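First up is the structure itself, then whatever we jot down about it.
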Amino acid sequence: MSDSTAEIVICGAGIAGVAAAYHLAVKQGMRNVVLVEPGAPLALTSDKSTEAYRNWWPGPGDAMVAFMNRSIDLLEEIARATDNRIQLNRRGYLYATADSARAALLRQAAEEAAALGAGPLRIHGQNDERETMNDEKMALAHRSSFTVHRSEYVPAPAHGFENQPDGADLLLDPVLIRAHFPYVAENTVALLHARRCGWFSAQQLGMYLLEQAREHGVRLMRGQVTGVDTSGGQVRSVQIAHDGATSTIVTPRFVNAAGPMQRAVGQMLGVDIPVFAERHIKIAFNDHLHVLPRDAPMVIGTDDIQLPWDDDERAALEEDDDTRWMLERLPAGVHCRPEGHGESTSLLLLWNYHLDPVAPTFPIAVADHEPELALRGMATIIPGLARYIDRAPKPYIDGGYYVKTRENRPLIGPLPIAGAYIAGALSGYGLMAACAAGELLAAHVCGQALPHYAPAFLLARYKDQEYKKLLENWGDEGQL
């Protein structure tokens, strides 16, 4: 029995699906858009992130930088149009290292990011002579009209985003580091402050997009997509189960925006979606000692970490096969930022040291040791946090899944079934990318002109022989 019709059905009302609905209905004027979600919208994994954004992405090519720059442009447009309802700031990402060799790699990354369009590099310190650039980097700089700028370091404001520098500042002078960031470890030799970065309210962004979409006729339907009729190689209808009943929506178009379930939804279409899931945990606790200033940027460790343990702790960990790994060097990437406004003293901590693929399950499992390990790891970069190790306030813990491709680039565009599309593989950057992802998906659906980065995110890229060769030596995938 056919209960209704739609111009398009979007499976999933997380941030990817909601942004797609917004751009289709509000920006492209499509009528009769249906969003299908079994639970509350924006609640499965979209509300589990750090709510951060950045245009700081590695190559190859400039696709990710251009894509994120466009998404940040759209975030800023929404902030201006709503009196900054989404609480967008530009505090930046602060990458820290205690390793002089790593400092050179930070400079190299910043030079590459500048060449890809993230903005110029400004170097502050004693070891900033241009001749330290190798011939390859000099050639890259020449081809891209990229220059290294040196000027007075300008701190980021706590609030707002207008009239701020882009690019990055590399701080090498220890006096300058201590003056502006006295809370980092004394052995810190370099800080790289990426500037077109910050965070915003995911809840407010999601609700704004959803409210606007619904005002323009988008219908939110509670239910589980259980099947898609693709007879004759064309999307024809979608089956939805809810409260023991099944309904059918006749439609020529279907979008897989199912987040952690996007691979299973792809199987309904007979299309293999080449993604896997990683489990990621977010920890929040009360920084009542005010170790991290409330106006601090996101602070990120770039060095591998050997956690400090006393002799008794080491002996206990060594005895147990399940804990011995905690004595090993653990990967870089631990990061934190202040959370909340006004009198809030909340601090967010994340450190994803186990990145094995997993099958998504809900609620997500959290091991007892995870808050302490994240705190110990962050304390190697911000030593004042060590005061909490034996007396940490009870943390709030949640988490979700990064659903990603092997090179950590999204899948946005048509699938090999007429009328079928995907907005997925948004990994850990779904919120920051949502606006540009929704815009790009809508352009594909409506036959609009596509930006130059669009081919980089097509499923069809995996059939390209040159791209397959590129995958074998991809390098940094840009994940935090």
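The values are calculated or read from the model by the stated rules, or taken from the named source; none is laboratory data. Worth saying up front: this structure is predicted, and the values here are computed from it rather than measured. Cβ coordinates were reconstructed from backbone atoms using ideal geometry, including for glycine residues, and neighbour counts include every protein chain displayed. What goes into the accessible areas is simple: the full protein's heavy atoms, side chains included, and nothing from ligands, DNA or RNA. Shrake-Rupley method; radii C 1.70, N 1.55, O 1.52, S 1.80 Å.
Out of the residues in the stretch 38-66 meeting the condition of being of a type in the set (A, V, I, L, M) and crowded, with 19+ Cβ neighbours inside 10 Å, tell me which one is nearest to the chain's Cα centre (by Cα).
In this case the residue turns out to be ALA52.
Need the failing condition index for MET326 against (1) touching a residue at least 60 places away in the same chain (Cβ under 8 Å); (2) touching a helix residue (DSSP H, G or I) at 6+ places or on another chain (Cβ under 6 Å); (3) assigned to a helix (DSSP H, G or I), just the number.
Answer for MET326: the failing condition is (1).
Which count do you get for residues in the stretch 441-479 that are under 18 Å from LEU24 (Cβ atoms), hydrophobic (A, V, I, L, M, F, W, C) and not in a helix (DSSP H, G or I)?
Residues meeting the conditions: 2.
Looking for something touching a Pro at 6+ places or on another chain (Cβ under 6 Å), open to solvent by less than 40 Å² (accessible area, probe 1.4 Å) and not hydrophobic (A, V, I, L, M, F, W, C) - is there at least one such residue anywhere in the stretch 195-206? Let's see the steps before the verdict.
Taking the stretch 195-206 and keeping what is touching a Pro at 6+ places or on another chain (Cβ under 6 Å), we get 195.
Okay, now just the ones that are also open to solvent by less than 40 Å² (accessible area, probe 1.4 Å), so 195.
Those still in the list that are not hydrophobic (A, V, I, L, M, F, W, C) too: 195.
Yes, because at least one residue in the stretch 195-206 is touching a Pro at 6+ places or on another chain (Cβ under 6 Å), open to solvent by less than 40 Å² (accessible area, probe 1.4 Å) and not hydrophobic (A, V, I, L, M, F, W, C).
Taking the stated definitions as given, is LEU171 in contact with a His (Cβ under 6 Å, 6 or more places away or on another chain), buried (at least 17 other Cβ atoms within 10 Å of the Cβ) and in contact (Cβ under 8 Å) with a residue 12 or more places away in the chain?
Considered against the rule, which asks whether it is in contact with a His (Cβ under 6 Å, 6 or more places away or on another chain), buried (at least 17 other Cβ atoms within 10 Å of the Cβ) and in contact (Cβ under 8 Å) with a residue 12 or more places away in the chain, LEU171 comes out as yes.
Of everything in the stretch 213-243 that's assigned to a loop (DSSP other than H, G, I, E, B) and among the charged types (D, E, K, R), which residue is nearest to ASN32 (Cα to Cα)?
ARG236
Just need a number here: residues in the stretch 21-41 that are touching a helix residue (DSSP H, G or I) at 6+ places or on another chain (Cβ under 7 Å) and in a loop (DSSP other than H, G, I, E, B).
Going through the stretch 21-41 one residue at a time, the tally reaches 3.
Applying the selection to the stretch 449-479, what residues are open to solvent by less than 40 Å² (accessible area, probe 1.4 Å) and farther than 21 Å from ALA423 by Cβ?
LEU471, TRP474
Give, as residue ranges, the strands (runs of 3 or more DSSP E) completely inside the stretch 359-440 that count at least 2 residues that are open to solvent by 10 Å² or more (accessible area, probe 1.4 Å) and either touching a residue at least 12 places away in the same chain (Cβ under 8 Å) or among the hydroxyl-bearing types (Ser, Thr, Tyr) (or both).
Counting at least 2 such residues, we get 396-404.
Could you check how many residues of the stretch 67-119 are surrounded by 21 or more Cβ atoms within 10 Å (Cβ to Cβ), among the hydroxyl-bearing types (Ser, Thr, Tyr) and part of a helix (DSSP H, G or I)?
1
Look at the stretch 49-60 and say how many of its residues are modelled with pLDDT of 95 or more and either of a type in the set (Gly, Ala, Ser) or in a helix (DSSP H, G or I) (or both).
So the count comes out to 1.
Yes/no per residue for (1) of a type in the set (S, T, N, Q); (2) under 29 Å from SER201 (Cα atoms):
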{"position": "PRO395", "(1), (2)": "no, yes"}
{"position": "VAL403", "(1), (2)": "no, yes"}
{"position": "LEU415", "(1), (2)": "no, no"}
{"position": "ALA423", "(1), (2)": "no, yes"}
{"position": "MET432", "(1), (2)": "no, yes"}
{"position": "GLN448", "(1), (2)": "yes, no"}
{"position": "TYR462", "(1), (2)": "no, no"}
{"position": "GLN465", "(1), (2)": "yes, no"}
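If you go through the stretch 293-313 one residue at a time, how many are surrounded by 13 or more Cβ atoms within 10 Å (Cβ to Cβ), among the charged types (D, E, K, R) and more than 17 Å from TYR353 (Cα to Cα)?
Counting residues in the stretch 293-313 that are surrounded by 13 or more Cβ atoms within 10 Å (Cβ to Cβ), among the charged types (D, E, K, R) and more than 17 Å from TYR353 (Cα to Cα) gives 3.
Conditions tested, residue by residue: (1) in contact with a Phe, Trp or Tyr (Cβ under 9 Å, 6 or more places away or on another chain); (2) surrounded by 14 or more Cβ atoms within 10 Å (Cβ to Cβ).
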residue	(1), (2)
VAL228	yes, yes
SER231	no, no
ALA245	no, no
VAL255	yes, yes
MET261	no, yes
ARG279	yes, yes
ASP321	no, no
ARG337	yes, yes
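Across the stretch 18-37, which residue is nearest to the chain's Cα centre (by Cα) among those that are open to solvent by 10 Å² or more (accessible area, probe 1.4 Å) and within 11 Å of VAL445 (Cβ to Cβ)?
Taking the stretch 18-37 as the starting set, the residues that turn out to be open to solvent by 10 Å² or more (accessible area, probe 1.4 Å) are 22-23, 26-32, 37.
Adding the requirement that they be within 11 Å of VAL445 (Cβ to Cβ) leaves 23, 28, 30.
Working: HIS23: 20, GLN28: 26, MET30: 28 Å.
Among those residues, the one meeting the criterion is HIS23.
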